[in-house]
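> There's a structure below that I have some questions on.
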Amino acid sequence: MSSEYHLPNGTAADGSYDLLVTPESAGWGHSGLRVLPLTPGQAHTLSTGDAEFLVLPLNGGCTVTIDGRTFELAGRSGVFASATDFAYLPPASEALISSAQGGLFALPSARTERSSLSARYGRKEDVPVELRGAGACSRQVNNYCLPGTFDAEQLLVCEVLTPGGNWSSYPPHKHDEARPGAESELEEIYYFQVSGENGFGYQRVYGTDERPIDVLAEVRSGDAVLIPHGWHGPSIAAPGYDLYYLNVMAGPGQERAWLICDDPAHGWVRATWDSQDIDDRLPFEGPTEQ
């Protein structure tokens, strides 16, 4: 099943986008992601339709004009340099995204029937940066658009940075059933960048007898992995190559929540972190080069 859910760099390009994942192309109902390259001075018009979006710089900065308002996004030099500022775009709107210097911009989205929020700016300084796990499971999580960090209708967005040789999205977990207080039903997209010209990592997804899925993908910069259901993790950074991934989630629930459950075969690993230190390579504070 790997070929169905692993989208190597360029294989899901369409028109202006290096990557275009819609609910229709993914075969689900809500989550989407576009990755937009802009050359210096180039502009792109985005019609949001029935979805809410973020404009999230991966590298470079941009100007976002929407509903008579203009947001100047300073952006960043790359995904390992820092968190970034971003913009929220509501459904049924049209935005002009332009970049004087050029760059690469992620446009995560969620189809929603609600439209109670207006376009607004997200400050870099307000993005909670979390160091999660310990030892070889140490990673950094930039929590852009989650419950309690930034309001949205259904969209959930964060990014995870894993030092070379470490494992993240571990222990494996899932969120494909609606179980109040225990688990929320969410479709998820992983979008990867890897440091170094030849950098690579691995992504695992597996299911149950009732809902099988089987993915073991070697991932490189620009790849994406779709997770409609099932246990996912680990995400493995090869030694010498730091691993970045953007997580985009949305689902049908009326409550916007991110509730996960660990694979009971591996959940015990969390208890081992109490006796280990967080990797001293974290947090990331600049570009990683080999």
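> If you bin every alpha carbon distance in the range 211-260 into 10 Å steps from zero, what whole percent lands in each bin?
The percentages, shortest bin first, are 16, 48, 29, 7, 0.
> Further question on the same structure: If R₀ is 51 angstrom, what is the calculated FRET efficiency for the pair S98 and D274, using the beta carbon separation as r and rounding to 0.05?
0.55
> Could you work out the Kirkwood radius for the range 79-123, taking every pair of different alpha carbons, averaging 1/r and inverting it, reported in Å?
12.8 Å
> Using only Cα atoms, what is the ratio of the radius of gyration of the chain to 2.2 N^0.38 Å?
The value comes to 0.95.
> Ranking request for peptides 156-167, 244-255: highest mean number of other beta-carbon atoms within 10 Å first, then the rest in descending order.
Averaged packing, sorted descending, gives the order 156-167, 244-255.
> What trypsin sites (Lys or Arg not before Pro) does the range 194-273 have in DSSP loop regions with at most 16 other beta carbons within 10 Å?
R220
> Apply the a/c threshold of 1.5 to the C-alpha gyration tensor of the range 32-183 and tell me whether it is rounded, prolate or oblate.
Because a/c hits 1.5 or more and a/b fails to exceed b/c, the range 32-183 counts as oblate.
> How much of the accessible area of the range 130-210, in percent, comes from carbon and sulfur atoms when a 1.4 Å probe is used?
Percent of accessible area from carbon and sulfur atoms in the range 130-210: 46.
The values are calculated or read from the model by the stated rules, or taken from the named source; none is laboratory data. On a predicted model such as this, the values are computed, not experimentally measured, just so you know. Counting neighbours? That spans all protein chains shown, and the Cβs are built from the backbone with ideal geometry, glycine included. Side chains included, ligands, DNA and RNA excluded: accessible areas come from the protein's heavy atoms. Shrake-Rupley method; radii C 1.70, N 1.55, O 1.52, S 1.80 Å.
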